[in-house]
Every structure is written in structure tokens, then in C-alpha cells.
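Some notes on the structure that comes next.
What follows draws every value from the coordinates through simple rules; no lab data is involved. No experiment lies behind these values; they were computed from the predicted model shown.
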Amino acid sequence: MNPEYEKKLEAEIDAAFKGLPELQAPSTLARRVLAKTTQRVSVPWYRQSWEMWPAGLRFAALALMLGSFCALCVATWQLTRAAGWTVAAQEVGQTFSGVISILNAANALVSGMALAIKHLHPAILGGCLALFILVWSTCVGLGTAFVKLALARR
């Protein structure tokens, strides 16, 4: 890490780059770019981005989308107040009652494990963590070795 050497090297590289001639674009590039830009202009309005639509159609489309969204919100709100909603909610609850029971049992197990870990001595936790890291790194190392051995050309 010699600063004088680095400055000298930087100056040499800069001089070498400045000595290079300017790059010339291919002769067909300008024609292709102009053809693409005129092609984009000739696309019908409904194929262009929304900002390029006529103002009246943009406002009409916006009003239609807002009206549809409001109608969906009102219909959802009214559906939750309907008499059939309670029957449907009970039916869904009965369908997923097994899954809910399993999730409640898993939550109880996780809470119990967290409580047990909280009451363990920190030295035991550190030892378990060190053992886990050792076993994990062994598995990764052996797996890597076996993959290299399996893919090696003989």
C-alpha cells in the first residue's frame, strides 16, 4: 500500500485511457433507434401507457374503477351482515376445526419449550448451541465432500 506508487499507477492508467480513440457507434444504430421511436408513436392509444390516453377516457376509466371498488366494498360489507353469513362462517369454522386444534397444540408445545428453556442454566444452553453448531458444520462438510466425490470425473 504505497500511496506514491498508487498515484503513479493511476496517472498511467488515466493517460492510457485518454490516449484511446473515441468509440464510433455502428452506422445502422441511428436508423434503428429512429425506426423504434416512430413505431412507438404509431401505436394506437389503447396500446400505449395510461398517461397517453385521451383525458376524457382516463377520467372515465378512473371513475369506472373507483365505482367498481366502492361497489365491491359495499357488497362485502352487506355480505357480512346477511343472515347466511353466520351459517357460512360456522361451516368454514367446522371445516378448519382440525387445523385450528393442531395449531393450538403446537402453540402450547412452543410455549412449554420456551418456558423450559427460560429456566435452564446458561451454561447448558451454550453447550447445546455449541453442539448444534458442531453437528451442523459436520453435516455441511460431509455433504460437500460427498457431493464432490459423487460428481468427480474418474
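Kindly identify region 8-58 as rounded, prolate or oblate by the Cα gyration tensor criterion: order the square roots of the eigenvalues as a ≥ b ≥ c, call it rounded if a/c is under 1.5, otherwise compare a/b with b/c, prolate if a/b is larger, else oblate.
Oblate is the answer for region 8-58, as a/c is 1.5 or above yet b/c matches or exceeds a/b.
Can you compute 3J(HN,Hα) from phi for each residue in region 32-38, using the Karplus curve 6.51 cos²θ - 1.76 cosθ + 1.60 with θ = phi - 60°, rounded to whole Hz and x for Gly and Pro?
Running phi through 6.51 cos²θ - 1.76 cosθ + 1.60 with θ = phi - 60° gives 5, 5, 5, 5, 5, 5, 5 Hz.
Checking the cross-link filter: which lysines have an alpha carbon closer than 27 Å to that of Lys7, excluding same-chain neighbours under 8 positions apart?
Here the lysines satisfying the reach criterion relative to Lys7 are Lys18.
Straight distance only, please: which aspartates and glutamates reach the Cα of Lys36 with their own Cα at less than 20 Å, same-chain residues fewer than 8 apart left out?
Candidates past the 8-residue exclusion: Glu51.
How large is log10 I(q)/I(0) at q = 0.13, 0.14, 0.28 Å⁻¹ when the Debye formula is applied to the Cα atoms of region 30-81, each weighted equally and without solvent?
-0.54, -0.57, -0.99
So what's the back-of-envelope 222 nm ellipticity for the chain, counting only DSSP H runs of four-plus at -39500 (n - 2.57) apiece and dividing by all residues, rounded to 500?
Value at 222 nm, helices only, nearest 500: -27000 deg cm²/dmol.
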